[in-house]
Amino acid sequence: MMALLLHLFLFAAFFLGWCLWLFHRLRIPAEQTPVVAMCALSVVTYLFGLVNLFSLIQPVLYGGGILLGLWTLFRQGPKLLRRFVTLPMIGFGLVCGWFMWLLRGAAVEGHDNFAHWAIVAKSILTHNAFPTAANTAVEYVSYPPGTAVWIKLVCDLLGTSDGTMLFAHIILNMACILALIPLCRRSLPVGAALVAYGIFCFLQFNGCGSLMVDYLFTLLVLATAAVILASCKEETAGALAGVLTLLCFTTLVKNSGLMFAVIGLALALWAVWHSSFSRKVRWIWSGLLTLAPVGVWALWLLRVQLVYGETVSKHAVSVENYAQQISEKSAADIAAFQQSFFTYWLHPNYNGVVFFWITVALCAIIPLLLLAMGRIAKKRALLYACGSLGTLAFYLATLYLTYLLSMSREEMLVLASLPRYIVCFCAAITGLLLMALLWHLQGHKARPWAGGVILACCLYTLFVCQPGSLHCLYSKQNYQNNDEQAPWIELREEYGLPEGASYLFYTNGAPVDGWSDLMVARYVFNTDHAALWQLRDDGPYLAAAFEEYEYVVFKSPDAQSDAELERWGFDPASTPYLDRGTFIQRQQELGS
């Protein structure tokens, strides 16, 4: 217990030290320092990780945060601390403590997590390095590792477990929501509305045990806009430095983050060219904000090319992958896809379609409303409407090309994950429009009413339309749904099987899903080398198996596996698994 408390203290001291230093140096609101710190620390760690220097940079960041925090306190005194420790910051600390308790014993769940998000985080934590060609458990090698890097920073201090990984992921989302608060200090309805909308976005596609990142893009875009708006009239340089880290991190979360980063970039460039900077400084900031996010993303693509060479991975951003995917689709397949894609938006009963058309309507209604109230000019109203609608249209075009060029034939034909993609993007556009509405209504008597309406809509959606999603905020039981991992964990613990070894699981007695179950097994046993085995009529079975695998585990034996064990002199009833050493010894005994 004392060790846990010590680690928690060190984590709090390291993280709050960086937040306090950023608060002093960048002159941004205290509530926006957590998300800026998380993104900045992740980007710096990522850059060093590219050259396998995690072991060098992490102690520097941990110690540096503590020392910088103490130095800032020593130089600035308690006056700075009083401005830093606001009620929202105290609330954020309590929320972090709540989730720390809530997630103890939690389990990661869901196909996508075992296919990539959880497995890549566990791989980086295990090997203290980014995946290489030897880490075959990581199949989506072209995906940048942004959130996994932040998870590593947290887990290396607090300990590696499913619960700690989920904790790191959730407080990143909560930090994005916290960043919205400085926009509404003097209006409780407005503040409550923005926080409720942030929670709504967080819960959209976030399973209780999920490390998926699509919804995180929505919150990152809103946080980026909030950092810009909160400081646009005062400390523009500090805000832009914070925005720079957010944009870089957004491109590192997933390749599709580029689209969200472009939106954030457009907002940042607006702030630059409406600032009091000289023309030269404006060009410098414009170049930095544009090139730095592209640069850190391009470095990942370069690393993928250097490490994996000509290997074409799933959803890779490369001409080779696009050519391969399009070659595997017939003209009939493409025609069927086009029919499904273009008619999808006409079916209100399909997931995400109603929200899409609500967003389209808001793109026109909010600018017209602000224009009618005299809060913006005609040109700006036209800019808001055309910009938001044009962005939506461009995103639909990129989705179309993604399915056509990047996804497999099967994924394309079923429009895999389309509801999640469209809802997350529409949530970002809707959130920006609502922020614009509340921002332009400053000083107007209608502003609290607008905040109240937004709050009521969010509460209605959460409590009436999606009441089950709220369980993630308070129910410990919801984080302990371990049905997927439990059979494999029991198998590992019952026989004391080590992590990291190579495994062949015999499943002929009760065949399992050869794709999903294998991913779960690789995650639980933390191995790059695992396979499911069903006996065929040709042999030799065990002899061939042990040429490649260290362990053969009889997860669901049958008469065939019993006969094979008896052929080598093993009692099936007392042989739930075999290791290579035991089998070689038996081979030698029989050979002699």
Can you run phi through the Karplus equation (6.51, -1.76, 1.60; θ = phi - 60°) for the stretch 425-430 and list ³J(HN,Hα) in whole Hz, with x for Gly and Pro?
6, 5, 5, 5, 5, 4
Along the charge dipole of the chain, Cβ charges K/R +1 and D/E -1, which of Thr575, Leu229, Pro557 sits furthest on the positive end?
Leu229
Summing -39500 (n - 2.57) over every DSSP H run of at least 4 residues in the chain and dividing by its residue count gives a helix-only mean residue ellipticity at 222 nm, to the nearest 500 deg cm²/dmol, of -21000 deg cm²/dmol
Probe of 1.4 angstrom, ligands and nucleic acids ignored: what's the accessible area per residue over the stretch 212-296, in square angstrom?
35
Could you work out how far the C-alpha centroid of the stretch 482-536 sits from that of the stretch 350-373, in angstrom?
48
Short version: what are the Cα gyration tensor semi-axes of the stretch 227-283, square root of 5 times each eigenvalue, largest first, in whole Å?
22, 11, 9
Let me know the shape class of the stretch 390-468, please: from the alpha-carbon gyration tensor, a ≥ b ≥ c as square roots of the eigenvalues, rounded when a/c is under 1.5, otherwise prolate if a/b is greater than b/c, or oblate.
oblate
Relative contact order (percent) for the stretch 512-592, with alpha-carbon contacts under 8 angstrom and 6 or more residues of separation?
23
In whole Hz, what ³J(HN,Hα) sequence does the stretch 558-566 give by Karplus (6.51, -1.76, 1.60; θ = phi - 60°), x for Gly and Pro?
8, 4, 5, 5, 4, 5, 5, 5, 5
Expressed as a percent, the accessible surface of the chain that is carbon or sulfur, using a 1.4 Å probe and the full set of protein chains, is 64
Long-range amide H partners of Tyr577 with built H, under 5 Å
Phe554
In terms of solvent-accessible area of protein heavy atoms at a 1.4 angstrom probe, what is the ranking of Cys232, Cys457, highest value first?
Cys457, Cys232
Nothing charged except the Cβ atoms of Lys and Arg (+1) and of Asp and Glu (-1): what's the magnitude of the dipole of the stretch 210-337 about its Cα centre? Round to the nearest 20 debye.
420
Would the stretch 325-445 count as rounded, prolate or oblate if I go by the C-alpha gyration tensor, calling it rounded below 1.5 in a/c and otherwise prolate when a/b exceeds b/c, oblate otherwise?
prolate
Fraction of antiparallel bridges per DSSP, the chain only, in percent to nearest 5:
25
Taking a temperature of 20 °C and a viscosity of 1.002 mPa s, what whole-number D in µm²/s does Stokes-Einstein yield for the stretch 71-154 with Rh from Kirkwood over alpha carbon pairs?
134
By accessible area of protein heavy atoms, probe 1.4 Å, what ranking do Tyr400, Tyr495 get, highest first?
Tyr495, Tyr400
Please work out the C-alpha center-to-center distance from the stretch 136-151 to the stretch 270-301 and express it in whole Å.
27
Order of 333-344, 36-47, 293-304 by packing, highest average Cβ count within 10 Å first?
36-47, 293-304, 333-344
What do you get for Rg/Rh of the stretch 487-577 when both radii come from the Cα atoms and Rh is the Kirkwood radius?
0.93
Using only protein heavy atoms and a 1.4 Å probe, report how much of Glu490 is accessible, in Å² to the nearest 10.
120
Assign unit charges at the C-beta atoms only (+1 for Lys and Arg, -1 for Asp and Glu), then state the dipole size of the stretch 1-147 relative to its Cα centre in Debye, rounded to the nearest 20.
760
Computed ³J(HN,Hα) along the stretch 34-39: with the Karplus parameters 6.51/-1.76/1.60, θ = phi - 60°, integer Hz and x for glycine or proline, the list is x, 5, 5, 5, 4, 5
Which value, in Å², gives the accessible area per residue of the stretch 115-199 when a 1.4 Å probe is used on the protein heavy atoms?
24
Just want the answer: with Cβ charges of +1 for Lys and Arg and -1 for Asp and Glu, which residue in Pro131, Val213, Trp98 is farthest toward the dipole's positive end in the stretch 64-222?
Trp98
Note on the chain: contact order normalised by length, alpha-carbon pairs under 8 Å, 6 or more apart, percent, works out to 16
Sorted list, accessible surface of protein heavy atoms, 1.4 Å probe, largest first, for Lys476, Lys379 is Lys379, Lys476
Would you grab the residues whose amide H sits under 5 Å from the one on Leu532? Only those 5+ places off in sequence or on another chain, please, with H modelled 1.01 Å from N.
Phe505
I'd like the accessible area for His111: 1.4 Å probe, protein heavy atoms, all chains in place, Å² to the nearest 10.
60
Counting only protein heavy atoms and leaving out ligands, DNA and RNA, the solvent-accessible surface of Ser327 at a 1.4 Å probe, in Å² to the nearest 10, equals 90
Alpha carbon centre of the stretch 9-30 versus the stretch 49-122: separation in Å?
10
Magnitude of the Cβ-charge dipole (Lys and Arg +1, Asp and Glu -1) of the chain about the Cα centre, nearest 20 debye, reported as 4560
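The values are calculated or read from the model by the stated rules, or taken from the named source; none is laboratory data. Everything numeric in this text was worked out from a predicted model, so none of it was measured. Counting neighbours? That spans all protein chains shown, and the Cβs are built from the backbone with ideal geometry, glycine included. The accessibility values were calculated without ligands, DNA or RNA, using every heavy atom of the protein model including side chains. Shrake-Rupley method; radii C 1.70, N 1.55, O 1.52, S 1.80 Å.
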